[in-house]
Amino acid sequence: MDRYELVLGLPHTNYLGLAEHLLLMHAGHFQWTSIARAIGVPLSSLRTSRGKEVYATFYFIEERFPDEALLNRFRLDERVSFAVFLRAFKGIAVEGKIVFDHHDRLRDWLATAPALPSDDDIDRHPYIRFANIFITPEAGNSRLKVAAPVGAGFSGMPILPDEENPYHLCKLARETGSLGLLSDDWRGLDVRSDFEVGYAIDQERDTNGAGLVYFANYVGYMNTAEREAMRANSQRPFSDAEIAGRLVQRRRVAYYGNVSPTDRIRTRVRLFQAGQDGPNVGSQLEIRREEDNQLICLSEAIKVLAPAG
């Protein structure tokens, strides 16, 4: 287990408090740092047997926020602690469970936390589950191939059992279109079933140092598309305050590829609610690249709405 500290400033926040996509950027960086420590080499130095660059790209994200620790509970100048727990699968994939909270709350939890906490062990704290797989660009940064890095040792990490590998959830989601967060009790709100929001990738803003469109930016694209769908394609009228104040409680994201920095994407949005005008809204989102209509990622999210008015 590795620990990290972060004092929240303007680079980490938006008008609601801790920003979701910025949180994922920093938590993802902590995960990458922990992987590098565990395998004993910087991730930037990883290569295939033929000398091609290898990246630990994200293929699955799960977020969970208890009611008492939603993103708006984390404000400027507050100290937040992160604990990263890693497991490895056959030298090609790594799963990380990242538990985080205000420093004092997490310090108390860590005093009695098990070496590998279960979901039940961390139900009082915000939690991110990341899964990385090692890839190499095959024909440009939109064509990625799984590649095991040479010279990197994974024996220092606990083993991730195959049956617990998020890969299986991602594979099933590609077949069914569902990531399992929204049950049959969630009622559809869409006016049109084909509502989409387009976006042109911004090369300067949206890419990372590897030249790839950064994984956390896809969550930003989906939040924007969800907001537009709530305004323009919902049978239930949402107030501006409800839309602006919505906060994520649960999210899952499965990634299936990436997009060229010169391409465009289309995000299809489906909206849901549980019960009659309840305090939550659910969404299913699908991103495809315009170049060849290939599926890039799927996401399901449950959000709590700000009070109307």
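The values are calculated or read from the model by the stated rules, or taken from the named source; none is laboratory data. No experiment lies behind these values; they were computed from the predicted model shown. In this analysis, Cβ positions are derived from the backbone assuming ideal geometry, glycine residues included, and neighbour counts consider all displayed protein chains.
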Go through the residues of the range 88-104 one by one and say whether even a single one is over 20 Å from LEU24 (Cα atoms), among the acidic types (Asp, Glu), surrounded by fewer than 19 Cβ atoms within 10 Å (Cβ to Cβ) and not assigned by TED's automatic domain parsing to the domain that holds GLY245. yes
PHE272 passes all but one of (1) at pLDDT 95 or above; (2) within 22 Å of GLY198 (Cβ to Cβ); which number fails? (2)
Give the residues of the range 273-304 that are of a type in the set (A, V, I, L, M, F, W, C) and in contact with a Ser or Thr (Cβ under 7 Å, 6 or more places away or on another chain), sorted by residue number. LEU285, ILE287, ALA301
Is it the case, given these coordinates, that ALA131 is surrounded by 22 or more Cβ atoms within 10 Å (Cβ to Cβ), touching a strand residue (DSSP E or B) at 6+ places or on another chain (Cβ under 7 Å) and hydrophobic (A, V, I, L, M, F, W, C)? yes
State which residue is surrounded by the most Cβ atoms within 10 Å (Cβ to Cβ) when the search covers only the range 1-56 and only residues that are among the small types (Gly, Ala, Ser) and part of a strand (DSSP E or B). ALA56
Among the candidates ASP77, ASP121, residue that is without any contact (Cβ under 8 Å) to a residue 12 or more places away in the chain, surrounded by fewer than 18 Cβ atoms within 10 Å (Cβ to Cβ) and of a type outside the set (A, V, I, L, M, F, W, C): ASP121
Which of the strands (runs of 3 or more DSSP E) found entirely inside the range 71-139 contain at least 2 residues meeting this: aromatic (Phe, Trp, Tyr), at pLDDT 90 or above and more than 20 Å from GLY153 (Cβ to Cβ)? 127-137
